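Comments concern the structure below.
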Amino acid sequence: MPKTSTETRRASASNSLPRFHRVSRAITFLIGAGLVFLITSSGDAAAQQFTPLSAASIPPLGGDTESVKFGDFDLDGDLDLVYANGGDSGNQQSRVLFNRGLSGTGGLPPGSLGTFGDVTATHLAPNFTQSSRDVQVVDIDGDGDLDLFFANNSQIISQSNTWWINQGLAQAGTAGVFVQDSSRWLGLGSAGSSVPSSLLLTAGPFAGGFVDFSAQGDFADVDFDGDPDYYHTSYGSGFSGAVMSRLFLNESGPGGWGWFREYNPSGAVAPSASIPNGSAAGFLEGVQAEATLLVDGTTHDISNMPLDVDFCDLDGDFDLDIYANSRSSRQRFYQSRWVENGESLGSESLGKRLYRDRTGIWGAQVPQQLDNYDGELGDLDFDNDCDAYFLNGAANLSDSYALNDGTGSFGLGTALTDNRSDNEVDLLDFDHDGDLDVFVSAFSSTDRFYKNQFLELASVALVPASAASGAGTLSLAADMGDIDNDGDTDILSAQRGTASEVLLVNGIGAPDPIAPRIPLLRALSDGPAQVAPRRVLVRAFDNAAHETFKTATGTVNFSVNGDSRSAVLSYSGGDTWRGEIPGYLHGSISYQVIITDRAGNVGSSASATLSVSSVGLASVGLGVPGCAGAHMISAASSPAIGNPEFEVRVTACPPSSTQLMLVSSEAGTGLDELGIGIPMHVSLFAPELYAFDLPVNGSGVGALSIAIPNVPELAGRSYYWMSIHANTACTIAPFQLSSSAALVTTLFL
């Protein structure tokens, strides 16, 4: 998060407007069985819980560090570090540090868990300098390892934000080695891009990007297609706030997804670095109107001065809304219209886009901050929505927090009389009592903690807590993570100038005992089978910031007619998680979501059910019963185009045998054409005729699985399936032939 490094720029931020809001409500919160550390007196009960580690644990590198992030870059089970360096100090080398673990890694000598060594020279391009204000750690290409994205500014030298791809897994290299890849930008300066050609960079180390003034972006799956999209902020040259923010959607490219194209449905191009009033460019409904408070989609303000942006489902409809902080103008709240648009991006011909500016309602009671440098979203009061902490950077102003009423509207806010110069805020549960506390990174005072006393008072109250000794005093940002794998949350504070980073180790002495809670599971509607998967969406919360909670793992457990199955549940952003149940499955389906946080605590949702009717299935004719009675032929799922697990089943087969399945593109006559006592319901003279072995288990159930090709041109074609059985151990006769009726499958899109 950038705070300008000169008093001149800091002073220029103070001629802005104020704002804020908050509503209190009493809620009783019961924590179930398990170990709970409950602080019942003042915040000082946590005094000196955190202690700084020495330079032997974290090397003093001396850069002007604007942002830090934890992540397991080398996939060895412990948390590593990345620093974003430079900012207003000009181009500097950003840094990657590996956790030594117990065996050493990245060429480092062995060391204790929670001690770090600098591997920049071998794992991040040496001598590549940039003016970085932020770094995001995210798996952009879905291969299971963590990539990096640096937000840079062109205040001194023209440059772009940069993508750094982890070379493990899909890249078949070494996990934790990063390579810059500007090809991840798609279509810049071409049709559909709002970036003017004058801002494109065609030569030098940033070639392939565009001139930028970015403080911090954020990643979230805004279109719920399973990959992270990117919200790009730009505060403008000299902190003018005249450059539009942009939304880039993740697309498939060579080898998978991980390429980003701007979502700009109007196709309009910003004629220069500034966007004028009346422009239709952008991802929001309507046209640009600076400081607008209209909420009907006719206007928006997309060119505020964002130093931070966060995703969360603010209005409770299971899609991802946006809070966009602004340093010197009104903070913005943008509503996702994904649900309102029928779970789609919308229709430009109907004037429907993915987002709408709702600041006039959602932020109406939020006073204008004069020097707002950051905000953070999280459920402070256990009512299952996203509340907000607003940080004010000027030394004569106070921070505030405000509560969401569940519809996206924030109340008047409660001011904290801190009056200090701060730069970033983070949420964590430092005392393991289950609610979210606050850590503030101080620009020119002292980093500090606030204990949330919601569980003691049934109302949010943030009380100063002396939880650390040796905290940072020149801090620009912090990140939270368990560096020593003991189950509690440690803190790394980034320092400006030449000050060394401060690593605070948590001395609580026991693992986090609080399980994630999953109170909100979106109900799926009954209906017919379909090609598209059914999205399982939940809103989930933990006693951790979203940035930390996203490292949890999740599953969707479901059963189809009693057959148990599971699928991956992935983090979408904010408080929202997404999984899928294949749309081609039919029958009675029950489903439940499980999330396990990094400390191993397991949370589960309630169970839900739906009934899915089959599509594209019919029966023709009658079969000849076998020794065990009539053969029943059916399909375990519907014949959707692209169904990878279409399976035809036949019951009452001769146990533990191999029988015959005939499949034809035309119906048979229903006559005993072969003179074997079997009426033929499949044509033996059709253009397509296939014969398959039908494996039968010991219970007499035969199953044949075939993947239906993902070829849309096959839609509408019908196929006839019929099984013929030979039983040599039949008690009725020494040898008996029997058959099933025909199952007719009509492929559909």
_Cα convex hull volume per residue for region 459-570 (Å³)_ = 194 Å³
*region 612-709: which GluC sites (Glu not before Pro) are DSSP loop and have at most 14 other beta-carbon atoms within 10 angstrom?*
Glu645, Glu673, Glu688
*Taking Cβ-Cβ under 4.7 Å as the only way to count a partner, pick out the unpartnered cysteines of the chain.*
Cys653
_Equivalent ellipsoid semi-axes - Cα gyration tensor, region 565-636, angstrom_ = 40, 14, 10
*region 584-623: proportion of alpha-carbon pairs further apart than 14 angstrom, %*: 66 percent
*Mind checking the dipole of the chain: about its Cα centre, +1 per Lys or Arg Cβ, -1 per Asp or Glu Cβ, Debye to the nearest 20?*
1040 debye
_Give me, ordered by chain and number, the residues 5 or more places off Leu293 or on other chains with an amide H under 5 Å from its own placed amide H._
none
*Let me know the volume per residue of the alpha-carbon convex hull for region 408-489, in Å³.*
132 Å³
*asked:* What does the charge count around Asn153 come to, taking other residues whose C-beta lies under 9 Å from its C-beta (Lys +1, Arg +1, Asp -1, Glu -1)?
replied: -1
_How large is the Rg to Rh ratio of region 194-259 when both quantities use alpha carbon positions and Rh follows Kirkwood?_
1.01
*With θ set to phi - 60° and the Karplus curve 6.51 cos²θ - 1.76 cosθ + 1.60, what are the ³J(HN,Hα) couplings of region 229-241 in order, to the nearest whole Hz, using x for Gly and Pro?*
9, 10, 9, 9, 9, 8, 9, x, 4, x, 6, 6, x
*Only Cα pairs under 8 Å and at least 6 apart count here; give the relative contact order of region 419-474 as a rounded whole percent.*
29 percent
_Ratio of Rg to Rh over region 590-737 (Cα coordinates, Kirkwood Rh, two decimals)_ = 1.10
*Got the relative contact order for region 449-569 handy, in percent, Cα pairs under 8 Å and 6 or more residues apart?*
13 percent
*Descending principal axes extents, region 360-472, alpha-carbon based, whole Å*: 41, 34, 17
_Under the rule of at least 5 residues apart or a separate chain, name every residue whose amide H is placed under 5 Å from the amide H of Met244._
Ile275
*Using modelled amide H (1.01 Å from N, peptide plane; none on Pro or chain starts), what sits under 5 Å from the amide H of Met305, excluding residues fewer than 5 places away?*
Arg327, Ser328, Ser329
*asked:* Based on DSSP loop calls and a cut-off of at most 11 other Cβ atoms within 10 Å, the longest stretch of the chain free of exposed chymotrypsin sites (Phe, Trp or Tyr not before Pro) is what?
replied: 1-684
_How large is the Kirkwood hydrodynamic radius of region 484-537, counting all unique pairs of alpha carbons, in Å?_
16.4 Å
*Lysine-lysine proximity count for the chain, Cα under 30 Å, sequence distance 8 or more or distinct chains*: 6
*Tally up the carbon and sulfur contribution to the accessible surface of the chain as a whole percent, 1.4 Å probe, everything protein left in place.*
55 percent
_Radius 13 Å from Cβ of Pro110, net charge of other residues (Lys, Arg +1; Asp, Glu -1)_ = -1
*What dipole magnitude, in Debye to the nearest 20, does region 497-634 give about its Cα centre under +1 on Lys/Arg Cβ and -1 on Asp/Glu Cβ?*
280 debye
*asked:* Roughly how far apart, in whole Å, are the Cα centres of region 307-346 and region 543-594?
replied: 23 Å
*Per residue of region 671-681, in order, report the coupling 6.51 cos²θ - 1.76 cosθ + 1.60 (Karplus, θ = phi - 60°) as ³J(HN,Hα) in whole Hz, putting x for Gly and Pro.*
9, 7, 5, 9, x, 10, x, 10, x, 8, 9
*What does the convex hull of the alpha-carbon atoms of region 54-181 project to on average, in nm²?*
7.2 nm²
*asked:* Can you show me the helix-derived [θ] at 222 nm for the chain, built from DSSP H runs with n ≥ 4 at -39,500 (n - 2.57) apiece and divided by the number of residues, rounded to the nearest 500.
replied: -500 deg cm²/dmol
*Can you run phi through the Karplus equation (6.51, -1.76, 1.60; θ = phi - 60°) for region 613-623 and list ³J(HN,Hα) in whole Hz, with x for Gly and Pro?*
7, 6, 9, x, 10, 8, 10, 10, x, 10, x
*Antiparallel content of DSSP bridges confined to the chain, in %, to 5*: 95 percent
*Within-13-Å neighbourhood charge of Tyr720 [Cβ basis; K, R +1; D, E -1]*: -1
*Based on alpha-carbon positions alone, could you give the equivalent ellipsoid semi-axes of the chain from the gyration tensor, as √(5λ), descending, whole Å?*
54, 29, 26
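The values are calculated or read from the model by the stated rules, or taken from the named source; none is laboratory data. Because the structure is a prediction, the values reported are computed rather than measured. Cβ coordinates were reconstructed from backbone atoms using ideal geometry, including for glycine residues, and neighbour counts include every protein chain displayed. Calculation scope for accessible area: heavy atoms of the full protein, side chains included, ligands and nucleic acids excluded. Shrake-Rupley method; radii C 1.70, N 1.55, O 1.52, S 1.80 Å.
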